[in-house]
Structure formats: C-alpha cells, structure tokens
Amino acid sequence: ATSGQHGPSNNGRCSEITCIAWFRTSVGSPNASGAYQFDNWAFLDWDRSEFFNFNVGDHGRLQFAGDTDVTCCYDVMGTSTSNDGQWHMGAVVASSSNSRIRFYLDGQPDGTHNFSFSYFGAGTRRWGIVADGSEATQNNGTRNGIYYDGDIAQLAFLSEFWDDSKVLAHFTKTRSRFGV
C-alpha cells in the first residue's frame, strides 16, 4: 500500500488508486460500444483533467479518466453495461506498478487497459466532489454542473492496489446489503 501519498506533502499524487461504488441507475441506453461519455458524472470526481474521475456513462459502462505524469487524459471504459436499474458494484484499480487500469463489475474483471505512468494527480490541485463534476480549487468550490442521476450507497477511494481477489471479496462481503 502507498498510504499517505494523497495530500499536500506529495502534491496530491497517487501511484495506486482503487475506487469502489455501489450504485443503481437507469439513465441512458445500454450500449457496449461507443466513446467515452461526459454525462451522468460522477461517483467521485476531482476534475478528470487535473486528477481523476470515476463514473458510469449514459451507455452504461464504467468510466475512469485522469491526468498522469505521462498524459492528460486517460479516458477509458469497462466493457459491460450496468444502467439497468439494478444495484451493481463498480470498481476501478489504476496501478502504476502494474502499468494498467482495470475495471470490475459485480466483483468480476470488466476490461483492462495497459498504460505506463508513475502517478495520477499531475495537474492543478482539486477538491473531490461526490455526484457532480469538480472544478473546485477550494472547499465548496466550483462544480461543472454535470450530475450523477441514480443512487449511490457506498463509495471508497483508496490510495492502494487491490487485486482481483480483494475486489471479489469486497463484493461478496457487501452484496447482500443490496439484494444481489
């Protein structure tokens, strides 16, 4: 684990990110193809062009975007749709040590993108916002007015790497709360 890296002493940089969201939405039309979408933001957002954003697009696929020491912006998606009005656990693990960004839907791998980077958080410092897009440079700062439309029951942002078994274990442990 790389705990303590996110914060002013390290300029907000994270080399390992794990995000989890239990969510339910029926916004949009399920579509297993198509481009990254800038609608229905976000489970968690620190401004995708400055740090990162984790959401589900109108096509129903999980999305993750962010600014690294290599490029802005990685705009990547999972493969399965999840905007069916049912509870789902979405997760994304962005790992510099494994050179990849991997999505999980309901505890199972749902797409892997291979990249080489050292850390996320290469842009201007931002404050995180739940269920809206962040442009915030201070507490209660500016939002971009793109709201998440659905239910969110559990969120996690961890500055550590979770492997397949740890994501599945969390899904298995928490699923009964959502009738899954």
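Summed over qualifying helices (DSSP H, 4 residues or more, each -39500 (n - 2.57)) and divided by its residue number, the chain shows a 222 nm mean residue ellipticity of -2000 deg cm²/dmol.
Under the shape rule built on the C-alpha gyration tensor, where the axes satisfy a ≥ b ≥ c, the stretch 36-119 is oblate, since a/c reaches at least 1.5 while a/b does not exceed b/c. Accessible surface of the chain, 1.4 Å probe: 43 percent of it comes from carbon and sulfur atoms.
Ranking 133, 71, 114 by Cα position along the charge dipole of the stretch 71-174, where only Lys, Arg, Asp and Glu carry charges on their C-beta atoms, puts 71 farthest toward the positive end. Residue 135 sits with roughly 70 Å² accessible to a 1.4 Å probe, with DNA, RNA and ligands left out of the calculation. GNM remark for the chain: springs join alpha carbons under 10 Å apart, and the peak mean-square fluctuation among 35, 21, 131 falls on 35. Residue 162 exposes around 30 Å² of accessible area when a 1.4 Å probe is run over every protein chain in place.
What's the magnitude of the charge dipole for the chain around its Cα centre, counting Lys and Arg as +1 and Asp and Glu as -1 at the beta-carbon? Answer in Debye, nearest 20.
Its charge dipole is roughly 360 debye.
Each Cα pair under 8 Å and six or more residues apart adds its sequence gap; the mean of these over the residue count of the stretch 31-180 is a relative contact order of 24 percent. Shape of the stretch 21-81 from the C-alpha gyration tensor: prolate (a/c of 1.5 or more and a/b above b/c, with a ≥ b ≥ c the square roots of its eigenvalues). For the chain, the solvent-accessible area works out to 43 Å² per residue, with a probe of 1.4 Å and every protein chain left in place.
The values are calculated or read from the model by the stated rules, or taken from the named source; none is laboratory data. Quantities reported herein were computed from a predicted structural model and do not represent experimental measurements. Quick reminder, even Gly has a Cβ in these numbers, built from the backbone with ideal geometry, and neighbours come from all protein chains shown. Note: areas computed on protein heavy atoms with side chains; ligands, DNA, RNA excluded. Shrake-Rupley method; radii C 1.70, N 1.55, O 1.52, S 1.80 Å.
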